[in-house]
Amino acid sequence: MPTLFGSLRRLLLTPSLAEVTFGERGFPVTPTDATRRLEAIPQSVICGFEWGIDARDQWEVERRLSLVDPEYRGFAYEGATMAFTVVDAMGGGRGHRTRDLLMGPGQPHIFLTYIGIGFAMARLPRPLWKKVMPDLTGSAYYPTMSWLAVDGYGFDRAYFETRRWVDEQRVPAAYPWEGSPDYFLRAVDQGIGRALWFIHGGQAADVAAHVRAFASHRQADLWSGVGLAATFAGGAEAEVLAVLRAEAGEYRPELAQGVVFAAKARDFAGFVPPHTELATSVLAGLTVGGAVALADDAAVSAPSSDVPAYELWRRGVRARFASTDAAVAG
């Protein structure tokens, strides 16, 4: 049974399933089977949020999430994490629901649950942001991958306020996430890049054109987000992915870096759909196993001076593709 306060929060904070469809958002997308599968992703997030915001205990949420198709289960965990983060940050519940979820059944989906924290940030005032990230010491890739929360924030803003964040290219005020306020803006751009894949329904030429409309210094991180979304979420056949790779041009290493992170996240969750295998092959020239090995080899757990460990990890992956492109050009 839902709680009274949970039901009120759900009514105030949760979009309807219809509200997250591409048509309702006004995205320039022609409905196809592929775009309908992409639409199922934000709808899965909404379901997870509704289950989480209403739940009396974690067992109930975990049980509901276990019934979701494996391809979409991680997205439902995003929504549940968003709900628990809102509850914890606003002082409701026991105050450690997010940590319990992420250290427990959410661990295989840790990459996506970080993004769920970012979705909560988009709905919370900034003074509460200091409460959103629980201490996950002992959890895989903590705190390195916590930057995905900032990515989630950028994705949410671009998806729900597309005119301001995409068309007008709004730049948010910096925030000292992990002590790196300047890097905050770059992580936001990765999230906006992921959103562009959805906004344009996985149409490579349209996504590329919109990336190129942004200021040049933002395009590398946008391409990284595009690669991540195209590989993790899917929505494109081999021919379209080949166009995307060609359109990326000088930013192919950034595109491929996003691909590698997506393949790693899918593999870590224990379910790799065919579209992830396809995108990893076409966009990065790797098998999923090869991408996972590259991610593991390049992983960095501690920052160097003022560069976040997350960025050092990204650089390590990009370097593999930059050297490959240089060899081909030579």
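Looking only at residues in region 134-145 that are surrounded by fewer than 20 Cβ atoms within 10 Å (Cβ to Cβ) and within 12 Å of Thr98 (Cβ to Cβ), the one that is nearest to the chain's Cα centre (by Cα) is Ser139.
Tally up the residues in region 279-306 that are hydrophobic (A, V, I, L, M, F, W, C), in contact with a helix residue (DSSP H, G or I) (Cβ under 6 Å, 6 or more places away or on another chain) and in a helix (DSSP H, G or I), please. Total meeting the criteria: 10. Pairing each residue of region 23-39 that is in contact (Cβ under 8 Å) with a residue 40 or more places away in the chain and open to solvent by less than 60 Å² (accessible area, probe 1.4 Å) with any residue that is among the aliphatic types (A, V, I, L, M) and in a helix (DSSP H, G or I), provided the two are 6+ apart or on different chains, yields C-beta distances under 6 Å for Phe27/Ile199. Which pairs do you get when a residue that is touching a residue at least 40 places away in the same chain (Cβ under 8 Å), found in region 282-308, comes within reach of a residue that is outside any helix (DSSP H, G or I), reach meaning Cβ atoms under 6 angstrom, with the pair 6+ apart or on two chains? These pairs meet every condition: Pro308/Ser180. For Asp182, which of the numbered conditions (1) in a loop (DSSP other than H, G, I, E, B); (2) free of Cβ contacts under 8 Å to residues at least 12 places away in the same chain fails to hold? So the condition that Asp182 fails would be (1). Within region 189-242, being part of a loop (DSSP other than H, G, I, E, B) and open to solvent by 10 Å² or more (accessible area, probe 1.4 Å) holds for His200, Gln203, Ala213, Ala215, Ala233, Gly235, Ala236, Glu237. Note on region 84-114: residues that are free of Cβ contacts under 8 Å to residues at least 60 places away in the same chain, within 17 Å of the chain's Cα centre (by Cα) and part of a helix (DSSP H, G or I) amount to 5.
The values are calculated or read from the model by the stated rules, or taken from the named source; none is laboratory data. Because the structure is a prediction, the values reported are computed rather than measured. Positions of Cβ are generated from backbone atoms using ideal geometry, with glycine treated the same way; all protein chains shown enter the neighbour counts. Each accessible area value is taken on the protein alone, full model and side chains, heavy atoms only, with ligands, DNA and RNA left out. Shrake-Rupley method; radii C 1.70, N 1.55, O 1.52, S 1.80 Å.
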